[in-house]
1. Count, please, the residues in segment 140-190 that happen to be under 23 Å from G227 (Cα atoms), in a strand (DSSP E or B) and not aliphatic (A, V, I, L, M).
2. Would you tally the residues in segment 57-80 being within 14 Å of the chain's Cα centre (by Cα) and part of a loop (DSSP other than H, G, I, E, B)?
3. Can you work out which of the residues in segment 141-160 that are surrounded by fewer than 18 Cβ atoms within 10 Å (Cβ to Cβ) and not hydrophobic (A, V, I, L, M, F, W, C) is modelled with the lowest pLDDT?
4. Which residues, taken from segment 118-151, are touching a Leu at 6+ places or on another chain (Cβ under 8 Å), more than 14 Å from G173 (Cα to Cα) and of a type in the set (S, T, Y)?
5. Which of the numbered conditions does A207 fail, given that it passes all the others? Conditions: (1) out of contact with any Phe, Trp or Tyr (no Cβ under 6 Å at 6 or more places or on another chain); (2) aliphatic (A, V, I, L, M); (3) surrounded by fewer than 19 Cβ atoms within 10 Å (Cβ to Cβ).
6. Need pairs with beta-carbon distance below 7 Å; first residue on the phi < 0 side of the Ramachandran plot and of a type in the set (A, V, I, L, M) and within segment 34-48, second exposed (fewer than 13 other Cβ atoms within 10 Å of the Cβ) and outside any loop (DSSP other than H, G, I, E, B); sequence gap 6+ or separate chains.
7. Please enumerate the residues belonging to segment 210-236 that are part of a loop (DSSP other than H, G, I, E, B) and crowded, with 19+ Cβ neighbours inside 10 Å.
8. Is at least one residue of segment 12-30 among the β-branched types (V, I, T) and modelled with pLDDT under 95?
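The values are calculated or read from the model by the stated rules, or taken from the named source; none is laboratory data. Predicted model only: the values in this text are computed from it and were never measured. Reconstructed Cβ throughout: ideal geometry from the backbone, glycine too, with neighbour counts over all protein chains shown.
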Amino acid sequence: MRFLSLCAALIGTALMLLVSAGAANAQATRTWVSGVGDDANPCSRTAPCKTFAGAISKTATGGEINCLDPGGFGAVTITKSISIICLVEAGVLVSGTNAIVVNAASAKVLLVGLDIEGMGTGLNGVNILNAGTVTIRNCSIRNFAQKGVSLTGPASTRVYIQDSQIINNAGGGFFLQGTSGAQNNAVIERTTFDLNTGTAVNIVGPANVVLSANTMAFSTTSVASSGGATVISYTNNVFRGTSAGVTSTISLQ
């Protein structure tokens, strides 16, 4: 009897440890980062992580990362559906690398309120290799050696850029390239493109892009298109460079 009791106790202890381990490894639907956080933390509101890279591994697919306070939260590679939403200053500062890479087939990604800085040597601000949809809202993306936002993925991806600033990027502001059998698409609204070298918006087909209420200044070319791309511009856009890449202009209704 004592032997059976001891076995039962050991089995019970083992099950409790397994349950505890499972709970510890469970991913949360909402996680938090803080300028004074620690990536060893569970990324809860009371024990936040330090970086987006630390938080994303503890955030469930389709979940959300929020910022508790201002800070620099580092580069991140996104491989699943996720939202990163910050209503305080949230810096992503890099040198010699991409700031944010999205590489997740069919994923839905939302980026809100990020200050993405390349310091002149960062590669791309947001580099989209594969996704379903990527929405960039209220973000500042500036000073990258290549593109502010680049989409070259093989899958049919839709990008939304809204209420943002894309500034002083040496390879251009926004670049979108479709591939055979994969038409990529973008909608860009109320966004300022300023001082981007060469071209503010460059579209290579097959692709469809809609522009509304944007300002494009101090680039030699505001809009370029090739490869059968379609670029529709509403009349509320302001172009201070060549906009020959616009294939159709639509009056506001």
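1. Of the residues in that region, 9 qualify.
2. Qualifying residue count, segment 57-80: 5.
3. Of everything passing the filter in segment 141-160, P154 is modelled with the lowest pLDDT.
4. T135 - this is the single residue of segment 118-151 that is touching a Leu at 6+ places or on another chain (Cβ under 8 Å), more than 14 Å from G173 (Cα to Cα) and of a type in the set (S, T, Y).
5. (3)
6. none
7. Of everything in segment 210-236, those that are part of a loop (DSSP other than H, G, I, E, B) and crowded, with 19+ Cβ neighbours inside 10 Å turn out to be N214, S219, A229.
8. Taking segment 12-30 first, the residues among the β-branched types (V, I, T) are 13, 19, 29.
Subset that is modelled with pLDDT under 95: 13, 19.
Yes: segment 12-30 contains one or more residues that are among the β-branched types (V, I, T) and modelled with pLDDT under 95.
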